[in-house]
Amino acid sequence: MAHMPWTPGLSRPFHSTFFGATASISRAPQRAPDARVVVASLAVVKASRSRSLTCCRSARRAEKTTHLLVDGDCHSIDTIQSAIGSLKQEANDEAIISRLRSLAGQPDIAGIVLLTIDTDFVEPLLGAKQCGQLLGACIPERHYNVVKRYRRAGISVRELPQGGSGSKVRAVLHEDGTGSVRKAETYCPVENAAGAELVRDKLRSLGFDCSKDATSKNFLIQSAAKFWYSNQLGPLTVYPFQLATLAAHDLLVQSRRRASFKASQGELAFLLPVTPNRTSKLQYGSSLARAVYEGGGPCMLEDVDLIARALRKLGYGEGRHPAELAESMFIFANTGINKKTLRKMGLLPCPDDQEFDVAKKLRAAFLSHETHGMWQLASADSHNLRGLLRKEGCLRLSKPGDKVSGEELKDAMLRFSAKHRLPRMRTLQGLVWQVLRHVNRKNPEKTGEDCPQERMQGAAGQSKRGKGDLGPKFEQFFMQMGLAASIQKAVYTCKGLA
């Protein structure tokens with residue numbers, strides 16, 4: 001399957017559409033099948049029909065196949081290996097849905113299986129079901145609500161064992177809206193769908209939950225945290241998420257307390273900062289637990305100067321001047337986890353968006369209940385960055401261990417940008433992002449972004465308004481930063497699909 005990169009223009013959104021790659025797996029009589037799978041954002045594995053699919057009418061008929069579609073947005077390499085092969089790339093829901101539709105009704109397709117923890121694919125799978133194909137979903141265990149949603153729709157579900165024993169991290173939201181993290185005993189989620197629905201009903205009656213039914217995409221942690229904070233009920237453990245639901249259940253459902261709780265009285269933004277570092281499961285219990293721990297703890301922000309305050313909390317600069325705020329919004333929206341989340345919510349900025357449009361989208365995202373509140377922190381300065389600048393001759397140190405002031409670091413990054421003819425950034429965080437992105441431009445696993453084309457769109461460092469001026473339209477950001485995306489192909493060997 002051909003992979004055609006595209007260049008963002010005035011009318012194209014900057015979140016690119018990716019296409020899946022297909023690989024055939026032939027059955028070997030004495031060993032497990034072996035395939036080389038070209039993986040982009042969507043992995044499509046075309047495999048010989050397994051023994052579990054036994055509805056073939058005649059052994060002499062043309063061999064049918066089963067397709068496994070992987071929602072790479074949601075899974076680590078370990079999780080996907082539980083189903084087939086290995087994958088770690090950004091996915092695109094539209095590509096998966098398009099592929100589902102193209103597979104539906106094909107005579108050589110016996111069935112379609114989707115690996116995901118996202119409920120967005122229920123309707124597309126049901127559309128394929130109408131064509132008479134066998135359908136299934138592989139969902140990592142403990143995602144009880146997701147499993148329930150697919151089974152309720154009549155889709156067969158196989159729960160996959162998950163690595164790790166649970167979370168050893170607690171994130172606590174305090175009464176004043178600040179937060180903290182700590183290590184604790186291991187906690188493993190339990191099945192609590194009925195209790196969660198009772199809590200949701202109670203919070204809906206108080207105006208904290210706007211979901212209409214069980215198929216809503218709203219996350220209960222948002223409603224529970226905002227209810228707890230608004231009523232000043234003390235510290236609340238918000239991660240693992242289920243602990244907040246259980247606390248709200250004890251108070252709203254099981255407790256005999258007859259206190260009248262305050263209803264929702266204003267917009268609030270619940271943030272749970274995370275880092276992109278997703279390793280060291282033994283110490284933290286899970287990769288997500290470490291990301292939460294290193295995020296430093298949650299916070300609750302009122303809807304007053306929300307964009308600047310949220311970006312400041314997440315480390316994207318002070319944003320005291322309009323140009324700095326625009327740059328901070330741009331960097332935030334182009335950082336791995338944030339970019340995925342905004343895209344899935346339909347709030348990813350387009351190249352022709354004005355700054356006002358982007359601010360409006362980010363405000364809607366921060367206030368939305370369609371996320372867990374997890375947003376990625378800005379990349380921090382590191383020894384590797386200083387070492388890189390020193391190696392490039394941009395940072396002058398008498399020895400590698402010398403301390404570097406903020407001004408010295410900023411000057412060094414400005415020299416690096418000038419040396420490589422990169423656009424001029426206004427903020428320290430913008431410079432850090434630019435340097436790291438340039439160095440890792442061929443390695444999307446390090447940038448957490450789509451792999452950009454090496455060529456810049458237009459003259460480097462130039463805009464329609466002049467050298468280094470980033471103008472009011474985000475289109476100029478995209479043109480200057482060379483955000484035309486192409487697919488970075490990765491080849492994995494998939495074994496064991498019998």
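Principal semi-axes of the equivalent ellipsoid, √(5λ) from the alpha carbon gyration tensor of the range 166-300, are 26, 16, 14 Å from largest down. Cβ-Cβ distance of Val304 and Leu126, R₀ of 30 Å, FRET efficiency by 1/(1 + (r/R0)^6): the value works out to about 0.10. Applied to the range 388-396, the Karplus parametrisation 6.51 cos²θ - 1.76 cosθ + 1.60 on θ = phi - 60° returns per-residue 3J(HN,Hα) values of 5, 5, 5, 5, 7, x, 9, 10, 9 Hz, with x for Gly and Pro.
Among 300-311, 321-332, 167-178, the peptide with the highest mean count of other Cβ atoms within 10 Å heads the list, and the full ranking is 321-332, 167-178, 300-311. Using a simple spin-label model with pseudo-atoms 7 Å out from Cα toward Cβ, Gln283 and Glu408 lie 2.8 nm apart.
I need the P(r) histogram for the range 383-439: all alpha carbon pairs, bin width 10 Å from 0 out to the longest distance, whole percents. Histogram of Cα-Cα distances, whole percents per bin: 25, 61, 14.
Could you tell me the calculated FRET efficiency between His321 and Glu94, based on Cβ-Cβ distance and R0 = 45 angstrom, to the nearest 0.05?
That pair, His321 with Glu94, gives E of 0.80.
R0 = 25 Å: FRET efficiency of Asn440 with Asp357, Cβ-based, nearest 0.05? Working shown, then result.
Details: r = 29 Å, r/R0 = 1.16.
Once rounded, the FRET efficiency stands at 0.30.
Dipole magnitude for the range 305-378: about 340 debye, using +1 per Lys or Arg Cβ and -1 per Asp or Glu Cβ, origin at the Cα centre. Checking the cross-link pairs Lys202/Lys262; Lys148/Lys339; Lys129/Lys340; Lys340/Lys419; Lys148/Lys262; Lys226/Lys313 against a 21 Å limit on the alpha carbon distance flags Lys148/Lys339; Lys129/Lys340; Lys340/Lys419; Lys148/Lys262 as lying beyond it. Our summary gives the range 383-439 a relative contact order of 30 percent, counting only alpha carbon pairs under 8 angstrom and 6 or more residues apart. Ordering Ser167, Val253, Phe227 by the projection of their Cα atoms onto the charge dipole of the range 166-300, which places +1 on the Cβ of Lys and Arg and -1 on the Cβ of Asp and Glu, puts Ser167 at the extreme positive end. Loop-located trypsin sites (Lys or Arg not before Pro) in the range 339-436 (DSSP state other than H, G, I, E, B) with a sparse environment of at most 14 neighbouring Cβ atoms within 10 Å: Arg396, Lys403, Arg421.
Sequence-distant contacts, meaning Cα pairs under 8 Å at least 6 residues apart, place the relative contact order of the range 305-378 at 34 percent. Amide H contacts for Arg158 (H built 1.01 Å from N in the peptide plane; partners 5 or more residues away or on another chain; cut-off under 5 Å): Ala137, Cys138, Ile139. Ordering of 185-195, 233-243 by packing is 233-243, 185-195, highest average first (other Cβ atoms within 10 Å, averaged per residue).
Annotation: extensible slack from Arg158 through Glu175 equals 2.0 nm (criterion: 0.36 nm per residue apart, minus Cα-Cα distance). With Cα atoms as the point set, the range 109-250 shows a radius of gyration and Dmax of 17.5, 56 Å.
With all pairs of different C-alpha atoms in the average, the Kirkwood value for the hydrodynamic radius of the range 305-378 is 12.1 Å.
Between Asn384 and Met345, the modelled labels are 2.8 nm apart [label points 7 Å from Cα along Cα→Cβ]. One decimal place: the segment Asp108-Ala194 gains 26.9 nm when fully extended, by the rule 0.36 nm per residue minus the C-alpha distance.
Which of the peptides 283-292, 348-357 is most tightly packed, and how do the rest follow, judged by the mean count of other Cβ atoms within 10 Å per residue?
Final packing ranking: 283-292, 348-357.
Since every read-out is calculated from the coordinates, none of them should be taken as a lab result. Given the structure is predicted, the values throughout are model-derived calculations rather than measurements. So basically every Cβ, Gly included, is an ideal-geometry build from the backbone, and we count neighbours across all protein chains shown.
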